[in-house]
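The values are calculated or read from the model by the stated rules, or taken from the named source; none is laboratory data. Owing to the predicted nature of the structure, the values given are computational and were not obtained by experimental measurement. For neighbour counting, all protein chains shown are included, and Cβ atoms are generated from backbone atoms with ideal geometry for every residue, glycine included. In case anyone asks, the SASA skips ligands and DNA or RNA and just uses the protein heavy atoms, side chains included. Shrake-Rupley method; radii C 1.70, N 1.55, O 1.52, S 1.80 Å.
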Amino acid sequence: MTRLPAILALGFCLLALPRALWAQQEEYEIKPLGETGYVECNFDTHSFLSTNPVVVRYAGAVLTADQASGNYETGDIRADGHVHIQRDEQVWVSEHIHCNFKTGPIEALQFRTGHPPVFAEGQGLDRKSVV
């Protein structure tokens, strides 16, 4: 009889495990900036397209751009026009950025970045991990 509480506790833990694992999965938030904008999503291909200002949030990173397209299953995003990516205090700024929010690489022809008190700018960014 003393094993019954242990078995019940184990049962409750096994029931709670899928919910705990599900809670750890990150989800994208993709929405237009402004009242007149919109984002087209294709749920069959897991892709999105916004030809107007947009904000994309994933795993603590925030991307804003004049327009963006990507695949929210693979994490691959291409953004154009006033692109800003922020994660914690690190900020990346460019006119054109190709990045992957899930695997981390970021590419830009010209960029500015900073983490106070150090800031830099350059050409030909090919960073293996940003998020």
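Among GLU73, GLU40, which is within 16 Å of PHE101 (Cα to Cα) and among the acidic types (Asp, Glu)?
Just a single option satisfies the conditions, and that option is GLU73.
Look at region 105-117: where a residue is more than 13 Å from ASP80 (Cα to Cα) and open to solvent by 50 Å² or more (accessible area, probe 1.4 Å) and a partner is acidic (Asp, Glu) and modelled with pLDDT under 85, sitting 6+ places away or on another chain with Cβ atoms under 7 Å, you get HIS115/GLU89; PRO116/GLU89.
The residues in region 43-70 that are within 13 Å of LYS102 (Cβ to Cβ) and among the polar types (S, T, N, Q) can be counted, and the count is 0.
Just one residue in the set ALA59, ALA65 is under 18 Å from ARG127 (Cβ atoms) and at pLDDT below 90; that residue is ALA59. Among the residues making up region 99-120, a single one is farther than 21 Å from GLY75 by Cα and among the aromatic types (Phe, Trp, Tyr): PHE119. Listed by first and then second residue, the pairs linking a residue in region 27-43 that is touching a residue at least 40 places away in the same chain (Cβ under 8 Å) to a residue that is open to solvent by 60 Å² or more (accessible area, probe 1.4 Å) and of a type outside the set (D, E, K, R), with Cβ atoms under 9 Å apart and 6 or more places separating them unless they lie on different chains, are ILE30/CYS41.
Only one residue in ASP88, ASP76 is at pLDDT below 85, under 14 Å from the mean Cα position of the chain (by Cα) and of a type in the set (D, E, K, R). Which one? So that I can check it myself, show each step before the final result.
On the way: ASP76 fails: at pLDDT below 85.
Going through ASP88, ASP76 in turn, just one is at pLDDT below 85, under 14 Å from the mean Cα position of the chain (by Cα) and of a type in the set (D, E, K, R): ASP88.
Please count how many residues of region 120-131 are modelled with pLDDT under 85, part of a strand (DSSP E or B) and open to solvent by 60 Å² or more (accessible area, probe 1.4 Å). Full working, then the answer.
If we filter region 120-131 for residues that are modelled with pLDDT under 85, which is where we start, we get 124-131.
Among the residues that remain, those that are also part of a strand (DSSP E or B) are: 124-127.
With open to solvent by 60 Å² or more (accessible area, probe 1.4 Å) added as a condition, the list becomes 126-127.
The total comes to 2.
Of the residues making up region 74-87, those that are within 16 Å of THR64 (Cβ to Cβ) and either open to solvent by 50 Å² or more (accessible area, probe 1.4 Å) or outside any strand (DSSP E or B) (or both) are ARG78, ASP80, HIS82, HIS84, GLN86, ARG87. Would you check if there is a residue in region 97-104 being part of a strand (DSSP E or B), more than 20 Å from ASN52 (Cα to Cα) and open to solvent by 50 Å² or more (accessible area, probe 1.4 Å)? The answer is no; no qualifying residue exists.
Counting residues that are open to solvent by less than 70 Å² (accessible area, probe 1.4 Å), which strands (runs of 3 or more DSSP E) fully inside region 23-63 reach at least 3? Outline the logic, then answer.
On the way: elements: 29-32, 40-42, 47-50, 54-58.
Counting at least 3 such residues, we get 47-50, 54-58.
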